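Q: Can you keep this structure in mind? I'll have questions shortly.
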Amino acid sequence: MPDYGHDLRFGSFVTPSAAAPHQVVALAELSEEVGLDLVTFQDHPYQAAFLDTWTLLSWVAARTERIRLAGNVLNLPLRPPAVLARSVASLDRLSGGRVELGLGAGGFWDPIVAMGGERLTPGESVDALSEGIDVIRGLWDTSTRERLVAGGAHHHVDGAKRGPAPAHDVEIWVGALKPRMLRLVGAKADGWLPSLPYLQSFEALARGNATIDAAAEDAGRDPRAVRRLLNVGGGFSADGGGGFLRGSPRQWAEQIAEVTLEHGVSTYVVMGDDPTTLAVVGQEVAPAARELVAAARGVPAPAPAGADGATADGEVRA
């Protein structure tokens, strides 16, 4: 299934440097001004050189009006899912439905343990993430008065009150690379959020998609229910001889359209803190890529995101 039909989105991946907090916020505000759809921040609570990601997301939500916000990805071992569920729902309500939830199972266990977290094996960390998703979804589900019991050995609730519900259906995006995590994405998540430098190839991206699709079908889900996102790096040049996302804005747009149609990626999050790169992506690359994808799909090109609150929305819903 090369094209899952999702609307094409573009975002920034801003370093949450504690040494330059106003610059961090300025890049987030710029992301909105130039028409990007999403601003994200990595989450390493044990890293003293970084701002706390949840505090930063809350501050940025108050300083912006349109752009979506997410951790890329939030460190579940140091953010209890029951509390995180209410934090996400609260900020989503306060921001007018602009928060999405990126989740990670953890990986840097020595600093996690130094901060008071529990050291888990790779298998245990997958189990813990699965339990955390169940806890979060259970607390968000206010459609029932049934007593909430969810989770397992690592994260659980037993009789916790449900709510508040988010303002919109918050998507849970999981950062994952290995097969067991990918199967969890297919079974339970709304999105897959890897980084291309870690994947190392589009062949690995295709294998990951196949694993997710099979797991989704095994769970009785449509694979198109899982959005495919990708953290990418790049740079602009006139000659275009540097490979993926190393050419002109038009070449970026053509390459992005090709990956969207052949590999199903629909959200591209640009890593780095260069304001010029973010501006060119938002103002030149994104509109051109949307036009190319819309033409290939045979649908009208979506309206660009803008300061008037409109967002690009060319989603083809199954």
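Quick note: the coordinates plus some simple rules give every number you see, no bench work behind them. Treat the numbers as computed from the prediction; the structure is a model and nothing was measured. Note that each Cβ is placed from the backbone with ideal geometry, even for glycine, and that neighbours are counted across all protein chains shown.
Q: Which residue, Trp252, Trp59, Trp173, has the most motion in a Gaussian network model of the chain that connects Cα atoms within less than 10 Å?
A: Trp59
Q: Would you pull out the residues with amide H under 5 Å of Gln47's amide H, same chain only if 5 or more places away, H placed 1.01 Å from N?
A: none
Q: Under a GNM of the chain (C-alpha, springs under 10 Å), which listed residue has the highest mean-square fluctuation: Gly35, Gly123, Gly175?
A: Gly123
Q: Taking only DSSP H segments of four or more residues, each worth -39500 (n - 2.57), what value at 222 nm results for the chain once the sum is divided by all its residues, to the nearest 500 deg cm²/dmol?
A: -12500 deg cm²/dmol
Q: If you take the Cα Rg of region 121-270 and divide it by 2.2 N^0.38 Å, with N the number of residues, what do you get?
A: 1.24
Q: If you don't mind, another one. If I build a Gaussian network model for the chain, linking alpha-carbon pairs within less than 10 angstrom, which residue out of Thr144, Thr121, Thr276 has the largest mean-square fluctuation?
A: Thr144
Q: Give me a comma-separated list of calculated 3J(HN,Hα) values for region 76-84, in order, Karplus coefficients 6.51, -1.76, 1.60 applied at θ = phi - 60°, integers in Hz, x for any Gly or Pro.
A: Rounded to whole hertz, the list is 4, x, 10, 9, x, x, 5, 5, 4.
Q: A further question follows. Please name which of Ala216, Phe50, Thr15 has its Cα lying farthest along the dipole of the chain towards the positive end, using unit charges on Cβ (Lys, Arg +1; Asp, Glu -1) and the Cα centre as origin.
A: Ala216
Q: Another one. Among (i) 42; (ii) 37; (iii) 64, which one is percent of Cα pairs over 27 Å apart computed from these coordinates?
A: So the calculated entry is the one marked (i).
Q: Continuing with the same structure: Given charges of +1 on the Cβ of Lys and Arg and -1 on the Cβ of Asp and Glu, with all other atoms neutral, how large is the dipole of the chain about its Cα centre, in debye to the nearest 20?
A: For this selection, approximately 600 debye.
Q: Amide H neighbours of Ala303 under 5 Å, counting only residues 5+ apart in sequence or on other chains, H built in-plane at 1.01 Å?
A: Close amide H contacts, sequence-distant or interchain: Asp313.
Q: A follow-up question, please. With both partners inside region 84-239, how many of the DSSP beta bridges are antiparallel, as a percent to the nearest 5?
A: Bridges in region 84-239 are about 25 percent antiparallel.
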